[in-house]
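**Student:** Below is a structure I'd like to ask you about.
The values are calculated or read from the model by the stated rules, or taken from the named source; none is laboratory data. Being a predicted model, the structure only gives us computed values, none of them experimental. Virtual Cβ from ideal backbone geometry, glycine too; neighbours counted across all protein chains shown. Keep in mind that these areas ignore ligands, DNA and RNA; they rest on the heavy atoms of the full protein, side chains included. Shrake-Rupley method; radii C 1.70, N 1.55, O 1.52, S 1.80 Å.
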Amino acid sequence: MLLGKTITEIKDLIKTKKMSKEEVFSYFVKRIEKHNPLINAYLTVLKKSENTNIDGLLSGIPLAVKDNFCTKGVRTTASAKVLDNFIPPYESTVTSRLKKAGYSLLGKTNMDAWAHGSSTETSDYGATKNPWDISRSPGGSSGGTAAAVSAYLAPAGIGSETAGSIRQPASWSGVVGLKPTYGRVPRYGVIAMGSSLDCPGPLTLSVEDAAIILQSIAGNDKFDATSASVPTEDYVSKMKEKKTYTIGIAQEYFEGLDEDIKKSLGESIKIFEKMGFKTKKISLLSPQYSISVYTIIQRAEVMSNLARYDGIRYGNPRTFFGSEAKRRGMLGTYTLSYGYYDAFFKKAQKVRTLIINDFKRAFKEVDFIIGTPTPITALKLGEFEKYPFFGELMDKFNEPGAMAGIPGISLPTGLDRNGLPMSIHLMANYFRESDLLNASYQFEQETDFMGVIKKGILNLK
Amino acid sequence: MATKKLSREAVLHLAKLAGLTLTDAEIEKNSVQLSETIDYIKNLDELDTEGIEPTNSVVDLSNVTFEDGEKNERALTSEEAFSNGKNVKDNAFVVGRIMQ
Amino acid sequence: MKDYTPVIGLEIHVELKTKSGMFCQCANGLHEAVPNSQVCPVCLGLPGALPVPNKQAIEWTIKVGKALNCTINKHTKFDRKHYSYPDLAKGYQISQYDEPIAVSGYLEFGPNHGTYKNEAKRFCIHRVHLEEDTGKLIHKNNDTLIDFNRSGVPLVEIVTEPDFSSSSDVKMFLEELHAIIRYLDVSEADLEKGTMRMEPNISVKVKGVEGLPNYKVEVKNINSFNFVKRAIDFEVKRHMELLESGETPLQETRGWNSEKGITYSQRTKEGAHDYRYFPEPDIPPFNFTDSYIDAITKTIPELPKTKMERYIKAMGIRETDAYILTRDKSLSEYFETVLSAIKKENKEVGIEQKIVSVITNKRIPTTLSTKDFVKKFLENMRPIDTDTGLLDTSIKAVLARNEKAVTEYKNGKITVIMFLVGQVMKEMKGKADASAVRKALELQLE
Ligand SMILES: [Mg+2]
Ligand SMILES: [Zn+2]
């Protein structure tokens, strides 16, 4: 009765008293017990529903939360052995807002250790398997949340993105993934990866669910000096207004795509045109440069953000760091060290300005820029080891937007020749989440892609 | 064009600064991969950034502060503060004696 | 021996006495609190915690900068400074690197400033920036205990140019800086408690040689101005001896042992420092408008040097007294309060110096309320009606008892008169005017 139901649908079931909040919660707990040993989406699972007496946007909705959000009293590891038994004495802003909205924490999901990766394989607690093909990766770093939603071990979940870590696993796992504008959703309590880039966001089975979650977690936070003071909007109702937009098509974002993905992208553009949207050819800076800018800035911030883990106040000693964290810390140290700062870090910051200006120019002409979140569908587990900066390459279409801090969404568009999910990617100007959700919602209504996805879930009995 | 791989000494120096201990295999792997990555990121030199201001933060914010003396909503109890400490004694976190 | 000259610069850290921390709301200034009882996720450096700057700390740093004649940077930001030490919660200190709040200031000293005999001098201030303090280490047997209560306390760092060539100039500068900080009311600046910490860096070069020496020695853990002076003197002598024997002193950090009066080599934390600074991504930058800076500047009170000069020039107070009186803002305010009250009663020229003398000689304690001080002062000044009959008998009695003194006086030792005046006053239980007593005594002894 519940299988594949969205947040909106579950809310309705609870409201009409067809199911109690406790029943909903225990449904997922049972499903997790059954399927998680195979999928390895969760690291920690809660046994009891919480916040059941709160009347809010998420009343009685159980959610999966990535293990880099501090949850008071609930083990939080960021999938790193360094934090093996860390029980935060405080709550992240995102999860405390979810609590206020009445959600119930189902469990904490696996991820690439410290969010360093795009496959969830760098987790110190084993890789998460893609529910569509367990020999493959669900993507990452929010792979645990993506797989949990895709296998319906949660109706929706929270992930975080530095550059692609929501959109890429959403794409590989066949769910909706929204990366908000940097600063739209507070970072307080999220174990930092790239501080100037990190963005919490939802992974869901529908665009409306993404809007509901965004509605619950967005807005200024006095504990995060980088959180935006721009007012939030009523994302859910704005999403349902009938609007038409102009979509920008940049050749730079069509290079190196898998054949099936390229075809699916072309068809999606036609669907938008059929919906009355205009399209316009534009030109943007090559994503190749964003890979470098991202690598330099993210790794410098990683080096810095990992400096606090000395095993004194919490966690294990630094000898517990895995090889990916070490690799990133090493490059971050190199580019910031004496004599190299201007050549690398400062240069990257300047190119970052160029990327921002490039988008600003483009958004004078178009509302969105279309592409795909990843050039290929889910890879086999183990592939990532072959590349020294696999994640950065996998996420090359997400990195420019991440560097600029603009929002983006990953929307399922069916399956490729191997039966693996594919997606399109829309990027919008700063704080244009409501337009992004509006267009995505219309696209969703126009197609039956989510139906295809839910059929996939049904396979995982 | 390829930079020759980073020397063992250079890798060890970086590891020391970063507070990381590397196995012999990791030293070798890092010296190769670091060089490869450094070679790649040099593609930024192709872009002219003359007169371009560096971006520290994408948020359009400045002068974000809090008022001195405002209520402390986040104070930790001793129990909370020490809850994850492995070596705690006399209300303090303890490490082996540091030379003075 | 060649003609050497010391080259000395200073780094001074001052803890601000804000109510909250630099980046969190934890209570500041509870030095006696139970260790680690004043912490939160931010100052304990928990995963995911973020800093938000304390507005008061920013404004007070601007205030310090302006008081030290600095230029305030209209655009400023915080940076991360990386190094590893157990008392540094995040593995980096949030500090300021290339855009400090204030730059290029100076302190000027007139000739014979206070108790210092010298020509007019100016010492330049390189920069004033804001950062966070670290936790505290307590060494006990085989353990080092860490208390994070001090972690994240606002800390202002003042760096001078290497403008000093004598330890007494350094002492004069530090005393003046200390007085200024206290006047600004932004810090306890208590050397004992470590809320003001001073680190001289010292090197020595041959006089007349251009540029700076190729080494410098930093001395830490000094908690008094005198010790700074002595540590510098010790170092300068040590360097000269080394240089004279053809050696270059080692660039290092040394500690000060106040019992032995020597400095000693401290093991340096790391080989070469490489702090890997980069702009703090968690804190947006600051932009200050002129009017904002002006409004803060207006809160700066009259500073000790200006006040001292006013006392000397406008009130005719002796230089040394004016110096002593202006070391402490509350003492100078006490003086000005009693002065204006006394002036209402007594229009005598030079009354200012009289009051100052009474204060500096501690004839009336300034622990009294200003009202009581004024009362007592005016009482002492008022001529007392002297009972001439009683005066006559008293003088006779005193002279009869003090034949030796009388003889001495007659033999020319006229200062004895003060002793005799005192005796008569005592005899009359103070109910006499001292100058009338003296006149009568002198008449008797003619
Ligand atoms: Mg400092
Ligand atoms: Zn605190």
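**Student:** Please report the net charge: other residues with Cβ closer than 10 Å to the Cβ of residue A:279, K and R +1, D and E -1. Please list the in-between numbers first.
**Tutor:** Numbers: positive: A:270, A:278, A:280, A:281; negative: A:273.
After counting each charged neighbour, the total is +3.
**Student:** Next up: With N set to the number of residues, divide the alpha-carbon radius of gyration of region C:66-148 by 2.2 N^0.38 Å and report two decimals. If you can, show how the numbers build up before the last one.
**Tutor:** Details: Rg = 18.9 Å, N = 83, 2.2 N^0.38 = 11.8 Å.
Computed over Cα atoms of region C:66-148, the ratio equals 1.60.
**Student:** Principal axis lengths of chain A from Cα atoms, whole Å, largest first?
**Tutor:** 65, 59, 44
**Student:** Kindly report the accessible area of region C:75-136 per residue (heavy atoms of protein chains, probe 1.4 Å, no ligands, DNA or RNA), in Å². Display every interim value, and only then the final one.
**Tutor:** Values: 2110 Å² over 62 residues.
Averaged over the residues of region C:75-136, the accessible area is 34 Å².
**Student:** At q = 0.11 Å⁻¹, what log₁₀ I(q)/I(0) does a Debye calculation on the Cα points of region C:283-413 give, no solvent, two decimals?
**Tutor:** At q = 0.11 Å⁻¹ the computed log10 ratios are -0.64.
**Student:** With an 8 Å cut-off on Cα pairs and a minimum separation of 6 or more residues, tell me the relative contact order of chain A in percent. Please report the intermediate quantities before stating the final value.
**Tutor:** Numbers: 1122 pairs, mean separation 79.6, N = 461.
Relative contact order comes out at 17 percent.
**Student:** Can you give the Rg to Rh ratio for the protein assembly as shown, taking only C-alpha atoms and Rh from Kirkwood?
**Tutor:** So for the protein assembly as shown, dividing Rg by the Kirkwood Rh gives 1.12.
**Student:** Picking from C:308, C:240, C:22, which is most flexible by a Gaussian network model of chain C using Cα springs under 10 Å?
**Tutor:** In the Gaussian network model the winner is C:240.
**Student:** Okay, moving on. How long are the semi-axes of the equivalent ellipsoid of region C:148-251, defined as square roots of 5 times the Cα gyration tensor eigenvalues? Whole Å, largest first. Before the final figure, lay out the partial values.
**Tutor:** Details: eigenvalues 172, 43, 31 Å².
Ellipsoid semi-axes (Å, largest first): 29, 15, 12.
**Student:** So if I restrict to the alpha-carbon atoms in region C:295-366, what is the Rg, and what is Dmax, the biggest pairwise distance, in Å?
**Tutor:** In order Rg, Dmax, the Cα atoms of region C:295-366 give 12.6, 41 Å.
**Student:** As I understand it, the dipole of the protein assembly as shown uses +1 on the Cβ of Lys and Arg and -1 on the Cβ of Asp and Glu, about the Cα centre. Which of C:391, C:41, C:409 lies farthest toward its positive end?
**Tutor:** Working it through, the farthest residue towards the positive pole turns out to be C:391.
**Student:** Further, regarding this structure: Among C:24-37, A:127-140, C:114-127, how do they line up by average Cβ neighbours within 10 Å per residue, starting with the highest? Kindly include the intermediate steps, with their values, before the conclusion.
**Tutor:** Details: C:24-37: 18.7, A:127-140: 26.0, C:114-127: 15.7.
The densest-packed peptide leads the list: A:127-140, C:24-37, C:114-127.
**Student:** Is chain B rounded, prolate or oblate when judged by the Cα gyration tensor, a ≥ b ≥ c being the square roots of its eigenvalues, rounded requiring a/c under 1.5 and prolate requiring a/b larger than b/c?
**Tutor:** On the way: a/c = 3.66, a/b = 1.33, b/c = 2.74.
Oblate.
**Student:** Hey, any idea what Rg/Rh is for region A:223-354, computing Rh the Kirkwood way over Cα pairs? Please report the intermediate quantities before stating the final value.
**Tutor:** Details: Rg = 21.6 Å, Rh = 19.4 Å.
The Rg/Rh ratio comes out at 1.11.
**Student:** Among the aspartates and glutamates, which have Cα under 17 Å from the Cα of residue A:47 when same-chain residues fewer than 8 positions away are ignored?
**Tutor:** Filter leaves A:22, A:23, A:33, A:67.
**Student:** Treat every Asp and Glu Cβ in region A:175-290 as -1 and every Lys and Arg Cβ as +1, leave all other atoms uncharged, and give the resulting dipole magnitude about the Cα centre to the nearest 20 debye.
**Tutor:** Numbers: 15 positive and 15 negative charges, 94 e Å.
Magnitude of the dipole: close to 440 debye.
**Student:** What residue among A:323, A:291, A:306 has its Cα farthest toward the positive end of the dipole of region A:269-331, where the charges are +1 on Lys, Arg and -1 on Asp, Glu, each on the Cβ?
**Tutor:** Farthest towards the positive pole: A:291.
**Student:** Hey, any idea what the orientation-averaged projected area of the convex hull of region A:124-181's Cα atoms comes to, in nm²?
**Tutor:** Details: hull surface 15.4 nm².
If I average the Cα hull's projected area over directions, I get 3.8 nm².
**Student:** In the P(r) worked out for region A:302-461, what percent of Cα pairs fall beyond 22 Å?
**Tutor:** Details: 7767 of 12720 pairs.
Result for the distance tail: 61 percent.
**Student:** Still on this structure, please answer the following. Suppose a student asked you for the relative contact order of chain C, using Cα pairs under 8 Å spaced at least 6 residues apart; what percent would you report?
**Tutor:** 16
**Student:** From other protein chains only, count the Cβ atoms within 10 Å of every residue's Cβ in A:345-355, then give the mean. Show your work: numbers first, answer last.
**Tutor:** Numbers: counts 5, 4, 8, 5, 9, 10, 8, 7, 6, 6, 2.
Mean number of neighbouring Cβ atoms from other chains: 6.
**Student:** Next up: How crowded by other chains is B:33-43, given as the mean number of beta carbons from other chains within 10 Å of each beta carbon? Mind showing how you got there, number by number?
**Tutor:** Values: counts 6, 6, 1, 3, 13, 7, 0, 8, 16, 4, 6.
Averaged over the peptide's residues, the number is 6.
**Student:** Which of the trypsin sites (Lys or Arg not before Pro) found in region C:251-321 are in a DSSP loop and have at most 11 neighbouring Cβ atoms, other than their own, within 10 Å? Write out the running numbers ahead of the final one.
**Tutor:** Working: sites: C:254, C:260, C:267, C:269, C:276, C:298, C:305, C:307, C:310, C:313, C:318; in loops: C:260, C:267, C:269, C:276, C:298, C:318.
Answer in residue order: C:260, C:267, C:269, C:298.
**Student:** Place +1 on the Cβ of every Lys and Arg and -1 on the Cβ of every Asp and Glu in the protein assembly as shown, take the dipole about the Cα centre, and give the residue among B:63, A:153, C:217 whose Cα lies farthest towards its positive end.
**Tutor:** Value: A:153.
**Student:** For residue A:413, list long-range residues whose amide hydrogen, built 1.01 Å from N in the peptide plane, is under 5 Å from its own amide hydrogen.
**Tutor:** Under 5 Å from the amide H of residue A:413 lie the amide H atoms of A:422, A:423, A:424, each far enough along the sequence or on another chain.
**Student:** Arranged from highest to lowest average of other beta-carbon atoms within 10 Å per residue, in what order do the peptides A:164-170, A:66-72, C:425-431 appear? Can you show the working numbers first?
**Tutor:** Working: A:164-170: 35.7, A:66-72: 27.7, C:425-431: 13.7.
Peptide ranking by packing, descending: A:164-170, A:66-72, C:425-431.
**Student:** Once you charge only the Cβ atoms, +1 for Lys and Arg and -1 for Asp and Glu, what is the size of the charge dipole of region C:338-446 about its Cα centre, to the nearest 20 debye?
**Tutor:** Numbers: 20 positive and 14 negative charges, 78 e Å.
Dipole magnitude for region C:338-446 comes out near 380 debye.
**Student:** Turning to a different aspect of this structure: How charged is the neighbourhood of residue C:393? Take every other residue with its Cβ under 11 Å from the Cβ of residue C:393, and add Lys/Arg as +1 and Asp/Glu as -1. List each step's numbers first, then the result.
**Tutor:** Details: positive: C:396; negative: C:387, C:392, C:427.
So the environment of residue C:393 carries a net charge of -2.
**Student:** Give me the percent of Cα-Cα pairs in region A:1-91 that sit more than 19 Å apart, rounded to a whole number.
**Tutor:** Numbers: 1971 of 4095 pairs.
Counting pairs separated by more than 19 Å, the tail of P(r) holds 48 percent.
**Student:** So what's the Cα pair-distance distribution over region A:17-158, bin width 5 Å, in %?
**Tutor:** Using 5 Å bins, I get a P(r) of 2, 12, 21, 23, 20, 13, 6, 2, 0 for region A:17-158.
**Student:** Place the peptides A:429-437, A:414-422 in order of packing, highest mean first, counting for every residue the other Cβ atoms within 10 Å and averaging per peptide.
**Tutor:** Working: A:429-437: 23.3, A:414-422: 18.0.
Ranked from most to least packed, the peptides come out as A:429-437, A:414-422.
**Student:** Rg(Cα) of region A:109-267 divided by 2.2 N^0.38 Å?
**Tutor:** Details: Rg = 16.3 Å, N = 159, 2.2 N^0.38 = 15.1 Å.
Relative to the 2.2 N^0.38 Å estimate, region A:109-267 comes out at 1.08.
**Student:** Note down the net charge around residue A:383, summing +1 for each Lys or Arg and -1 for each Asp or Glu among other residues with Cβ under 15 Å from its Cβ. Can you show the working numbers first?
**Tutor:** Working: positive: A:129, A:136, A:380, A:386; negative: A:112, A:121, A:133, A:258, A:324, A:385, A:392, A:395.
Net local charge, residue A:383 excluded: -4.
**Student:** Okay, moving on. Is the C-alpha gyration tensor of region A:329-411 telling us rounded, prolate or oblate? Criteria: a/c under 1.5 is rounded; beyond that, a/b larger than b/c is prolate, otherwise oblate. The partial results should precede the final answer.
**Tutor:** Values: a/c = 3.60, a/b = 1.09, b/c = 3.31.
Judged from the Cα gyration tensor, region A:329-411 comes out oblate (a/c at least 1.5, b/c at or above a/b).
**Student:** Taking residue A:278 as the anchor, which lysines have their alpha carbon closer than 27 Å to its alpha carbon, excluding any fewer than eight residues away along the same chain?
**Tutor:** Within the straight-line cut-off, residue A:278 pairs with A:179, A:238, A:240, A:242, A:243, A:262, A:263, A:270, A:360, A:364, A:396.
**Student:** Compute the distance in nm between two label points, each set 7 Å from the Cα along the Cα-to-Cβ direction, one at residue C:247 and one at residue C:349.
**Tutor:** 6.5
**Student:** Please report, in Å, the Rg and the Dmax of region A:211-255, where both are computed over Cα atoms only.
**Tutor:** 15.7, 42
**Student:** Okay, next question. Counting pairs of Cα atoms in region A:48-109, how many percent are more than 13 Å apart?
**Tutor:** Numbers: 1112 of 1891 pairs.
Result: 59 percent of Cα pairs exceed 13 Å.
**Student:** I would also like to ask the following. For region B:25-41, take each phi angle, set θ = phi - 60°, evaluate the Karplus expression 6.51 cos²θ - 1.76 cosθ + 1.60, and give the result in whole Hz per residue in order, putting x for glycine and proline.
**Tutor:** Residue by residue, region B:25-41 yields 4, 5, 4, 4, 4, 5, 5, 6, 5, 4, 4, 4, 5, 4, 4, 5, 5 Hz.
**Student:** Over all directions, average the projected area of the Cα convex hull of chain C and note it in nm².
**Tutor:** Details: hull surface 123.5 nm².
So the Cα hull casts an average projection of 30.9 nm².
**Student:** Using only alpha carbons, build the gyration tensor for region A:179-247 and give me the equivalent ellipsoid semi-axes, biggest first, whole Å. Intermediate results must be reported in sequence, preceding the final value.
**Tutor:** Working: eigenvalues 113, 35, 28 Å².
Whole-Å semi-axes of the equivalent ellipsoid: 24, 13, 12.
**Student:** Per residue of C:351-357, what is the mean number of Cβ atoms on other protein chains within 10 angstrom of that residue's Cβ?
**Tutor:** Working: counts 0, 0, 0, 0, 0, 0, 0.
Counting other chains' Cβ atoms within 10 Å and averaging over C:351-357 gives 0.
**Student:** Continuing with the same structure: So if I average 1/r over every pair of distinct C-alpha atoms in region A:406-461 and take the inverse, what Kirkwood radius in Å does that give?
**Tutor:** Details: mean 1/r = 0.0809 Å⁻¹.
Value: 12.4 Å, from the Cα pair sum.
**Student:** Sequence gap of 8 or more, or different chains, plus Cα separation below 26 Å: how many lysine pairs satisfy both in chain B?
**Tutor:** Step by step, the pairs that qualify in chain B add up to 10.
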